[in-house]
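Below is one structure, written out as structure tokens; comments come after it.
The values are calculated or read from the model by the stated rules, or taken from the named source; none is laboratory data. In this text, all values refer to a predicted model and were calculated from it rather than measured experimentally. FYI the Cβ positions are ideal-geometry reconstructions off the backbone, even for glycines, and counts take in every protein chain you see.
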Number of protein chains: 2
Amino acid sequence: MDQSQFRAAAHSAIDDIISHFDSMPEKRVLPTVEPGYLRSLVPENPPDEPEEWAAIQKDIDSKIKPGLTHWQSPNFMAYFPAGVTYPSILGEMYSATFNAPAFNWLCSPACTELETIVMDWMAKAFGLPECFLSSSKGGGVIQNSASDAIATVITAARERRARELALADGMEEDTPEYEDRKIEHQGKLVAIASDQTHSSAAKGALIAGTRFRSVQTQLVDNMEMTAPRLRKVLEKCEESGLIPYHLTMTLGTTNSCSMDRYAEILALLSEKPEWQRIWVHVDAAYAGASLITEECSHIAKNFAEGVDSFNMNMHKWLLVNFDASLLFVRNRVDLTNAFDMTPAYLRNAYSDSGALRLEWHEGIYSQDHGPWNIYADLIRGRSDLFEIVTKPAFGLTVFRVKNPQATTNGSHETNGTIALCKRDKESDSLTKKVYELVNSRGEIFITSTVIDGVYVIRVVSTNPMAEEKYVRNAFDIIVRTTEEVLQQET
Amino acid sequence: MDQSQFRAAAHSAIDDIISHFDSMPEKRVLPTVEPGYLRSLVPENPPDEPEEWAAIQKDIDSKIKPGLTHWQSPNFMAYFPAGVTYPSILGEMYSATFNAPAFNWLCSPACTELETIVMDWMAKAFGLPECFLSSSKGGGVIQNSASDAIATVITAARERRARELALADGMEEDTPEYEDRKIEHQGKLVAIASDQTHSSAAKGALIAGTRFRSVQTQLVDNMEMTAPRLRKVLEKCEESGLIPYHLTMTLGTTNSCSMDRYAEILALLSEKPEWQRIWVHVDAAYAGASLITEECSHIAKNFAEGVDSFNMNMHKWLLVNFDASLLFVRNRVDLTNAFDMTPAYLRNAYSDSGALRLEWHEGIYSQDHGPWNIYADLIRGRSDLFEIVTKPAFGLTVFRVKNPQATTNGSHETNGTIALCKRDKESDSLTKKVYELVNSRGEIFITSTVIDGVYVIRVVSTNPMAEEKYVRNAFDIIVRTTEEVLQQET
């Protein structure tokens with residue numbers, strides 16, 4: 001492909017990309033294809049001869065687009081958003097062009113330095129304390145995903161703890177005795193997280209080859225991890241001769257966007273010298289973005305001074321393309337000591353910087369008084385049909401369909417306190433039916449989950465295309481579907 | 001940024017990208033900036049207000065480009081290539097646009113299916129046996145890098161072996177006794193690789209929290225891992241009560257592109273039931289691409305039937321953008337059993353497919369009779385100055401500067417056999433001086449390493465812009481510099 005062919009192809013791709021986003025609101029958010037649809041549409045073997053771009057673009061239209069789930073659609077209210085914006089596409093174009101595996105400074109000085117600078121920018125924007133800046137002992141690195149960030153810190157925490165235990169036994173590094181002793185201690189290590197933590201914490205412990213224990217949460221605590229519940233787990237570990245070494249606290253859980261009780265948990269951990277050696281991580285993959293707003297800036301103050309690491313995803317709520325998961329550590333030697341060889345953490349710095357300078361904060365600010373809380377209010381307005389289950393937070397509403405036969409199990413919020421939803425099989429079944437019917441029709445895309453034994457629907461609308469009218473439309477669809485399901489039941 | 005602003009910005013970016021590649025051969029391959037250069041050029045804090053694209057593009061020109069190391073330059077002969085092509089940039093544009101965290105089928109059917117299909121295409125192109133296809137029990141997944149691929153299989157191998165040992169002890173899964181026993185076995189596991197294996201094997205074992213032992217290689221074996229040398233390590237493990245569970249064999253080592261002796265190693269492993277349970281992986285990150293050529297297609301036959309997994313990087317030699325590291329496994333349940341939760345392996349399928357259909361095989365075919373072997377021949381032609389140290393392979397030449405005082409230590413190749421280079425401090429020092437002087441001048445970029453105690457220079461030229469004239473020019477620079485260094489010494 002020569003430069004004039006590339007120019008023509010790229011111009012054509014750009015028109016196609018613009019029309020893709022332009023027609024997004026009208027497109028069905030979920031595709032209608034069946035599993036295996038693509039196999040029959042493409043050749044069995046790789047092409048022997050190069051093909052023309054025009055033929056490929058035609059195939060993208062006719063074979064690929066019909067199989068896409070539109071994460072950028074304003075009707076995508078499932079999981080969490082995955083933002084794409086025009087500036088972030090420009091960033092990706094440059095990132096692709098300057099393609100440099102920057103595994104050391106010389107391999108691409110601009111990549112390495114830009115990443116460090118932009119990470120410092122973001123640490124300041126999130127209100128993280130000085131120690132997380134590269135000018136101090138800490139710093140940030142870009143990871144592919146929050147799961148990668150969490151696996152990285154859990155593994156580094158294992159190395160830090162097993163090493164210090166072996167050294168405390170008087171072992172000398174790089175001896176066979178040290179290796180044996182370190183592995184012996186490793187076998188006793190336990191990573192801890194609440195049962196609302198994203199599965200990446202349990203997976204991180206699995207990758208690290210260590211044990212994992214979860215702290216139970218409950219609706220009466222709004223599914224937040226509390227110090228007394230954590231204490232139980234810590235003490236049980238100690239009774240069994242096990243050594244807690246890593247704790248994941250969450251800012252905005254996947255299920256319900258709850259926040260663990262940072263202050264009381266950190267106070268608990270300060271009680272014992274061994275507990276002070278636990279690596280404490282804050283997973284703020286989605287809701288961490290909110291720390292740049294004035295109204296949420298106080299949150300970081302509750303944990304920032306007491307934790308070892310913090311991660312958040314630019315690619316969820318801050319208009320930057322996947323993948324840009326930011327990981328900050330208090331002591332960067334904790335990472336370098338653990339992994340020993342220079343990690344190639346340095347991708348995508350261009351895309352981040354490009355999008356950052358254009359409009360990164362608009363990702364949140366534009367929605368400041370927009371659809372953040374509208375959906376919860378709409379649900380509250382139909383307390384005959386729905387009950388709010390956990391405290392609405394960061395644009396996420398978690399609710400269920402009311403069991404019409406139940407007595408007084410309603411979502412009566414008094415001064416922001418939500419009446420506790422009791423487990424109710426009839427409500428579970430109705431909620432599940434509504435959820436499945438809504439998604440099967442594919443006009444909007446929402447998620448369900450189970451919280452403290454209660455089956456619930458999650459609706460989140462914070463992607464770049466989010467607008468009040470789409471939230472209202474989603475609400476209408478859910479009301480209509482709920483009435484339809486209730487009708488069938490009677 | 002609205003659509004007309006995006007169109008204008010993207011058109012301008014495309015012109016800039018074309019001129020970037022157009023002027024590549026004239027650009028200095030290494031930048032002249034000093035560490036920390038960027039900090040003074042950009043603001044200390046993130047921007048408060050969005051900026052115009054024109055201002056950002058100006059900054060890319062004046063602040064970023066001067067700090068780039070040009071991996072795509074034909075004068076980049078260091079490490080291994082990192083290819084970028086126009087089609088792969090188009091692929092990245094679509095991949096960015098269709099941004100979909102496809103962690104399950106519904107989250108983006110097209111992504112999931114296209115990846116599976118393209119991985120089957122590539123398995124066929126590499127001549128991997130049937131079992132590595134998705135229609136069989138195996139299949140491929142795209143990873144970010146070879147290091148990720150290797151860490152993934154080592155961790156999966158640890159889980160497979162520790163699990164089967166615990167089950168063989170009569171333990172029942174998901175019991176406290178099973179957890180204890182599995183962790184106990186884990187503490188005895190050893191991952192093995194040769195001392196020429198990329199550091200990602202040792203790092204993978206570190207991440208997995210297991211022991212690691214390396215097999216020594218020697219120049220007399222062309223730095224290839226042999227069965228007798230491996231046997232020593234296996235037997236020593238057993239004497240110490242340790243259990244080998246993973247072996248990395250390499251197709252094209254980083255240092256010298258050597259190939260381990262697959263057939264004799266696999267024969268060795270078949271000797272004992274415990275050795276048959278070792279997960280055998282082939283790391284073909286760079287040279288795996290060669291399997292698509294007729295002349296190299298026989299290589300896969302020597303290992304393909306006997307190994308558990310295989311990885312290669314499309315982004316090195318097959319014209320696809322970073323990151324597209326292909327990992328194939330014989331039994332996909334080995335991965336799903338190990339990690340338990342669906343891994344989000346599914347990125348970048350678009351970019352791969354785009355570049356694949358346009359001109360992927362040209363990455364190798366265009367160089368078939370081109371610069372692949374020219375450099376080695378040039379070095380042979382100056383046996384007064386240089387000695388070839390290991391067998392030239394896959395476009396990589398490994399050589400050293402001759403010690404003029406040495407007697408008969410020359411690179412006399414007879415029927416393709418290279419005279420063994422003995423360790424020589426004077427030669428080491430001369431070679432190092434030449435290497436450092438060449439790179440400090442930045443006209444070409446090459447790598448050095450130490451092989452069996454011998455300091456050597458590595459020159460590789462297989463990126464998309466590689467041409468004979470650049471190879472000849474690099475040779476001239478190295479000859480000139482060597483003569484200059486020798487002059488100074490006398």
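What's the number of the condition B:I183 fails, among (1) crowded, with 21+ Cβ neighbours inside 10 Å; (2) among the hydrophobic types (A, V, I, L, M, F, W, C); (3) in contact with a helix residue (DSSP H, G or I) (Cβ under 9 Å, 6 or more places away or on another chain)?
Of the numbered conditions (1) crowded, with 21+ Cβ neighbours inside 10 Å; (2) among the hydrophobic types (A, V, I, L, M, F, W, C); (3) in contact with a helix residue (DSSP H, G or I) (Cβ under 9 Å, 6 or more places away or on another chain), the odd one out for B:I183 is (1).
Please specify each residue of the stretch A:198-218 satisfying the condition of being part of a loop (DSSP other than H, G, I, E, B) and surrounded by fewer than 20 Cβ atoms within 10 Å (Cβ to Cβ). Spell out the reasoning first.
Quick first cut of the stretch A:198-218, residues part of a loop (DSSP other than H, G, I, E, B) only: A:198-199, A:208-210, A:216-218.
Result: A:S199, A:Q216, A:Q218.
Surrounded by fewer than 19 Cβ atoms within 10 Å (Cβ to Cβ), modelled with pLDDT of 95 or more and more than 16 Å from B:R330 (Cα to Cα): which single residue out of B:A168, B:A193 fits that description? Reasoning before the result, please.
Working: B:A193 fails: surrounded by fewer than 19 Cβ atoms within 10 Å (Cβ to Cβ).
Answer to the selection: B:A168.
Could you identify the single residue in A:I56, A:I64 that is within 21 Å of A:E26 (Cα to Cα) and within 7 Å of another protein chain (Cβ to nearest Cβ)?
On the way: A:I56 fails: within 21 Å of A:E26 (Cα to Cα).
Exactly one of A:I56, A:I64 is within 21 Å of A:E26 (Cα to Cα) and within 7 Å of another protein chain (Cβ to nearest Cβ), namely A:I64.
Of the residues in the stretch A:123-141, how many are within 22 Å of the chain's Cα centre (by Cα) and more than 14 Å from A:S309 (Cβ to Cβ)?
Looking only at that region, the number is 3.
Give the stretch B:140-159 a look and list any residue that's closer than 22 Å to A:P101 by Cβ, part of a helix (DSSP H, G or I) and within 12 Å of another protein chain (Cβ to nearest Cβ), or say none.
Of all residues in the stretch B:140-159, those closer than 22 Å to A:P101 by Cβ come to B:140-154.
Subsequent filtering for residues that are part of a helix (DSSP H, G or I) retains B:146-154.
Within the stretch B:140-159, B:A146, B:S147, B:D148, B:A151, B:T152, B:I154 meet the criteria.
Out of the stretch A:61-85, which residues are under 22 Å from the mean Cα position of the chain (by Cα) and free of Cβ contacts under 8 Å to residues at least 40 places away in the same chain? Don't jump to the end; show me each part of the working.
In the first step, residues of the stretch A:61-85 are kept if they are under 22 Å from the mean Cα position of the chain (by Cα); the result is A:68-85.
If the condition is that a residue be under 22 Å from the mean Cα position of the chain (by Cα) and free of Cβ contacts under 8 Å to residues at least 40 places away in the same chain, then A:L68 is the only one that fits.
Spot the failing condition for A:R161; the list is (1) touching a residue at least 24 places away in the same chain (Cβ under 8 Å); (2) surrounded by fewer than 24 Cβ atoms within 10 Å (Cβ to Cβ); (3) more than 25 Å from B:A149 (Cβ to Cβ); (4) charged (D, E, K, R), and only one is missed.
Result: A:R161 fails condition (2) only.
Let me spell it out: the conditions are (1) touching a residue at least 40 places away in the same chain (Cβ under 8 Å); (2) within 30 Å of B:I18 (Cα to Cα), and A:S4 meets all of them except one. Which number is the exception?
For A:S4, the failing item is (1).
Please give the number of the condition B:K58 fails out of (1) touching a residue at least 12 places away in the same chain (Cβ under 8 Å); (2) under 30 Å from A:H20 (Cβ atoms).
B:K58 satisfies every listed condition except (1).
Would you pick out the residues in the stretch A:442-483 that are at pLDDT below 90 and touching an Asp or Glu at 6+ places or on another chain (Cβ under 6 Å)?
Selection gives nothing.
Residues being in a loop (DSSP other than H, G, I, E, B) and without any contact (Cβ under 8 Å) to a residue 24 or more places away in the chain: count how many of those fall in the stretch B:10-49.
Within the stretch B:10-49, the subset in a loop (DSSP other than H, G, I, E, B) is B:23, B:27-49.
Then keep just the ones that are without any contact (Cβ under 8 Å) to a residue 24 or more places away in the chain; that gives B:23, B:34-36, B:39-49.
Residues that pass the stated criteria total 15.
Regarding B:F80, is this residue closer than 19 Å to B:T462 by Cα and either part of a loop (DSSP other than H, G, I, E, B) or within 7 Å of another protein chain (Cβ to nearest Cβ) (or both)?
Values: closer than 19 Å to B:T462 by Cα: yes; either part of a loop (DSSP other than H, G, I, E, B) or within 7 Å of another protein chain (Cβ to nearest Cβ) (or both): yes.
Here the answer is yes, as B:F80 does meet what is asked.
Which one is surrounded by the fewest Cβ atoms within 10 Å (Cβ to Cβ), of the residues in the stretch A:1-41 that are polar (S, T, N, Q) and more than 8 Å from chain B (Cβ to nearest Cβ)?
Initial filter on the stretch A:1-41 (polar (S, T, N, Q)): A:3-5, A:12, A:19, A:23, A:32, A:40.
Now drop any that are not more than 8 Å from chain B (Cβ to nearest Cβ), which leaves A:4, A:12, A:19, A:23, A:32, A:40.
On the way: A:S4: 9, A:S12: 14, A:S19: 11, A:S23: 9, A:T32: 10, A:S40: 7.
So, considering only residues that are polar (S, T, N, Q) and more than 8 Å from chain B (Cβ to nearest Cβ), the one surrounded by the fewest Cβ atoms within 10 Å (Cβ to Cβ) is A:S40.
Restricting to the stretch A:86-107, and then to whatever is modelled with pLDDT under 90, facing another protein chain (nearest Cβ under 7 Å) and assigned to a loop (DSSP other than H, G, I, E, B), can you tell me which residue is surrounded by the fewest Cβ atoms within 10 Å (Cβ to Cβ)? Break it down stepwise before answering.
Of the residues in the stretch A:86-107, the ones modelled with pLDDT under 90 are A:99-107.
Retained after the next criterion (residues that are facing another protein chain (nearest Cβ under 7 Å)): A:99-101, A:105-107.
Then keep just the ones that are assigned to a loop (DSSP other than H, G, I, E, B); that gives A:99-101.
On the way: A:N99: 25, A:A100: 24, A:P101: 22.
Among residues in the stretch A:86-107 that are modelled with pLDDT under 90, facing another protein chain (nearest Cβ under 7 Å) and assigned to a loop (DSSP other than H, G, I, E, B), the one surrounded by the fewest Cβ atoms within 10 Å (Cβ to Cβ) is A:P101.
Condition check: at pLDDT 90 or above, among the charged types (D, E, K, R), more than 30 Å from A:A149 (Cα to Cα) and in contact with a Lys or Arg (Cβ under 8 Å, 6 or more places away or on another chain). Does B:E235 satisfy that? Even if it seems obvious, please write down each step before you answer.
Working: at pLDDT 90 or above: yes; among the charged types (D, E, K, R): yes; more than 30 Å from A:A149 (Cα to Cα): yes; in contact with a Lys or Arg (Cβ under 8 Å, 6 or more places away or on another chain): no.
Answer is no for this residue.
For the stretch A:164-188, enumerate the residues that are touching a residue at least 24 places away in the same chain (Cβ under 8 Å) and more than 9 Å from chain B (Cβ to nearest Cβ). Outline the logic, then answer.
Here is the first cut: in the stretch A:164-188, the ones touching a residue at least 24 places away in the same chain (Cβ under 8 Å) are A:164-165, A:185-186, A:188.
Listed by number, the residues that qualify are A:E164, A:L165, A:H185.
Tell me, which residue of the stretch B:42-52 that is at the interface with another protein chain (Cβ under 7 Å from one of its Cβ atoms) and touching a Leu at 6+ places or on another chain (Cβ under 9 Å) is surrounded by the fewest Cβ atoms within 10 Å (Cβ to Cβ)? Steps first, answer last, please.
Let us first name the residues in the stretch B:42-52 that are at the interface with another protein chain (Cβ under 7 Å from one of its Cβ atoms), namely B:42, B:45-47, B:50-51.
Pick out the ones that are also touching a Leu at 6+ places or on another chain (Cβ under 9 Å) and you get B:42, B:46-47, B:50-51.
On the way: B:V42: 18, B:P46: 19, B:P47: 15, B:P50: 15, B:E51: 13.
Only one residue fits best here, namely B:E51.
Condition first: polar (S, T, N, Q), at pLDDT below 95 and closer than 25 Å to A:L206 by Cα. Now tell me which residues in the stretch B:196-226 satisfy that.
B:S199, B:S200
For B:G204, state whether it is within 14 Å of chain A (Cβ to nearest Cβ) and not basic (K, R).
Working: within 14 Å of chain A (Cβ to nearest Cβ): yes; not basic (K, R): yes.
It is true that B:G204 is within 14 Å of chain A (Cβ to nearest Cβ) and not basic (K, R).
Which of the residues that make up the stretch A:417-431 are crowded, with 18+ Cβ neighbours inside 10 Å and not in a loop (DSSP other than H, G, I, E, B)?
Of everything in the stretch A:417-431, those that are crowded, with 18+ Cβ neighbours inside 10 Å and not in a loop (DSSP other than H, G, I, E, B) turn out to be A:S427, A:D428, A:L430, A:T431.
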